[in-house]
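To keep things clear, I will list the structure first and then write my remarks on it.
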Amino acid sequence: MNILVTGAAGFIGSHIMRALAQKGFSVIGIDNINDYYDVRLKYARLAQCGISPHEAEWDSNIVSSASLENCKFIRMDIGDRDRMNRLFERYRFDKVVNLAAQAGVRYSISNPYSYMRSNLDGFLNILECCRHFEVRHLVFASSSSVYGMNHKVPFAEDDRTDTPVSLYAASKKSDELMAHCYSKLYGLRSTGLRYFTVYGPWGRPDMAPMLFAQAIIDDKPIKVFNHGDMLRDFTYIDDIVEGTMRIIMLEERETSSGVPHEIYNIGCSQPVKLMDFISTLENSFGKTAVKTYVDMQPGDVYRTYADVSKLSKATGYCPKTRLEEGIAKFAEWYLNTYVPLMRQPCDRKEKI
């Protein structure tokens, strides 16, 4: 079975690419490796999958993994329509896992056009290629941010999601609607996963765990938004991978609407108070954080809380990682891998 994973140098994408290859599937990973955050982390994730960073930095180069049989990587952008068509024509994918997107809720406020190019134009290219090259199943990343300021908890898939508070959330909701349209019109089987705050080793440096960890180590203040009065459904990366893999492998079945399109929450279903999360980080790093209490940021929401009963019923999904366990693993990785990694010079430049 041939499977395409987009966003393969990303946090979730690199884990999924490795997990699929370890199960013996033929996997092609693609990523444009943009500089939204330090590319050293992206190349290091690829290296964990046996992909040579030196070879991966060259645009269009097909790089075979040195450690994972039948795993290859190509640096390319899902927004490149012609190259996407050639890619699908060459490999004839059975399934596609689209995890490529311009990430970051707050970043979308100051950089709106980058979200439209990747999250809408790029996703349209994915849909068109899946349609024309008869892909059996498209699994794509949505986000808990689509629930906006929803006051009803826990968030369920049939709750209203038409009041987003950020352009990022609006782009993810648009992806869900576009996928539903293609499922309805062309019979393309599609499944959207609304991920809730993911953390763990190899995570994104713009997310709270990484930002807080660096500040704690450097004795610098951390910004505690909404004066600490926030809750997040923090979900450890291993549980996210487990749930995503179960969806990828899920056999096709009838839907209540007759349209081969489903949406699932994927989270821990145990919201954590922000101050408790910070306290857990402090315990794992053995230092007290310097805290600066500030108002809520534009685009942020007070609480996220996943109802995962639909996913559990369909696949048997059951998140197992307690916050204390997950943060301890994250702290060990951060101190022993991430900090040394980021002390290395970054001399990679675009090649012409």
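Determine whether Gly79 is open to solvent by 10 Å² or more (accessible area, probe 1.4 Å) and out of contact with any Lys or Arg (no Cβ under 8 Å at 6 or more places or on another chain). Answer is no for this residue.
For the range 254-266, the count of residues that are more than 25 Å from His137 (Cα to Cα) and assigned to a loop (DSSP other than H, G, I, E, B) is zero. Of the residues making up the range 183-207, those that are open to solvent by less than 30 Å² (accessible area, probe 1.4 Å) and not in a loop (DSSP other than H, G, I, E, B) are Ser183, Ser190, Thr191, Gly192, Leu193, Arg194, Tyr195, Val198, Tyr199. Within the option set Thr244, Thr315, Thr235, being under 17 Å from Ser142 (Cβ atoms), touching a Lys or Arg at 6+ places or on another chain (Cβ under 7 Å), open to solvent by less than 60 Å² (accessible area, probe 1.4 Å) and among the hydroxyl-bearing types (Ser, Thr, Tyr) holds for one residue only, Thr315. The residue list Met116, Met149, Met84 contains one member that is under 30 Å from Ser166 (Cβ atoms) and at pLDDT 95 or above, which is Met84. Residue count for the range 251-270 under the criterion of being under 21 Å from the mean Cα position of the chain (by Cα) and either open to solvent by less than 30 Å² (accessible area, probe 1.4 Å) or without any contact (Cβ under 8 Å) to a residue 60 or more places away in the chain (or both): the result is 8. Applying the condition of being β-branched (Val, Ile, Thr) and more than 15 Å from the chain's Cα centre (by Cα) to the range 23-62 and asking which residue is surrounded by the fewest Cβ atoms within 10 Å (Cβ to Cβ) yields Ile62. Restricting the range 322-332 to residues that are out of contact with any Ser or Thr (no Cβ under 7 Å at 6 or more places or on another chain) and either open to solvent by 20 Å² or more (accessible area, probe 1.4 Å) or of a type in the set (Lys, Arg) (or both) leaves a set whose member that is farthest from Ser143 (Cα to Cα) is Glu332.
Here Val63 clears all of (1) in contact with a Cys (Cβ under 9 Å, 6 or more places away or on another chain); (2) more than 29 Å from Asn265 (Cα to Cα); (3) of a type in the set (Val, Ile, Thr) except the condition numbered (1).
Close contacts from the range 321-337, counting a first residue that is more than 10 Å from Phe234 (Cβ to Cβ) and a second that is surrounded by 13 or more Cβ atoms within 10 Å (Cβ to Cβ) and of a type in the set (Phe, Trp, Tyr), with Cβ to Cβ under 7 Å and a gap of 6+ residues or different chains, come to Phe330/Tyr199; Ala331/Phe285. Working only within the range 279-298, note down all residues that are open to solvent by 50 Å² or more (accessible area, probe 1.4 Å), of a type outside the set (Val, Ile, Thr) and not in a loop (DSSP other than H, G, I, E, B). If the condition is that a residue be open to solvent by 50 Å² or more (accessible area, probe 1.4 Å), of a type outside the set (Val, Ile, Thr) and not in a loop (DSSP other than H, G, I, E, B), then Asn283, Lys291, Tyr293 are the ones that fit.
Based on what the data block shows, is Ser142 modelled with pLDDT under 85, open to solvent by less than 10 Å² (accessible area, probe 1.4 Å), among the hydroxyl-bearing types (Ser, Thr, Tyr) and over 24 Å from Ala21 (Cβ atoms)? It is false that Ser142 is modelled with pLDDT under 85, open to solvent by less than 10 Å² (accessible area, probe 1.4 Å), among the hydroxyl-bearing types (Ser, Thr, Tyr) and over 24 Å from Ala21 (Cβ atoms). Of all residues in the range 181-233, those satisfying the criterion of being at pLDDT 95 or above, within 22 Å of the chain's Cα centre (by Cα) and small (Gly, Ala, Ser) are Ser190, Gly192, Gly200, Gly203, Ala213.
For the residues Ser14, Ser65, the requirement of being out of contact with any Asp or Glu (no Cβ under 6 Å at 6 or more places or on another chain), among the hydroxyl-bearing types (Ser, Thr, Tyr), open to solvent by less than 50 Å² (accessible area, probe 1.4 Å) and under 21 Å from Tyr236 (Cβ atoms) singles out Ser14. For Val301, all conditions in the list (1) surrounded by fewer than 17 Cβ atoms within 10 Å (Cβ to Cβ); (2) touching a helix residue (DSSP H, G or I) at 6+ places or on another chain (Cβ under 9 Å); (3) farther than 29 Å from Asn32 by Cα hold save one; what is the number of the exception? Single failed check for Val301: (1). Look at (1) in contact (Cβ under 8 Å) with a residue 40 or more places away in the chain; (2) surrounded by fewer than 22 Cβ atoms within 10 Å (Cβ to Cβ); (3) within 30 Å of Thr288 (Cβ to Cβ) and you find that Asp218 fails only one, number (1). When restricted to residues that are under 25 Å from Val153 (Cβ atoms), at pLDDT 95 or above and polar (S, T, N, Q), the range 249-287 contains 3. Screening Thr163 with (1) open to solvent by 40 Å² or more (accessible area, probe 1.4 Å); (2) of a type in the set (Ser, Thr, Tyr); (3) under 21 Å from Ile12 (Cβ atoms) gives one miss only, at (3).
The values are calculated or read from the model by the stated rules, or taken from the named source; none is laboratory data. Everything numeric in this text was worked out from a predicted model, so none of it was measured. No Cβ is skipped: glycine too gets one built from the backbone with ideal geometry, and neighbour counts run over all protein chains shown. The protein model used for the area step is the full one, side chains on, heavy atoms only, and it has no ligands, DNA or RNA in it. Shrake-Rupley method; radii C 1.70, N 1.55, O 1.52, S 1.80 Å.
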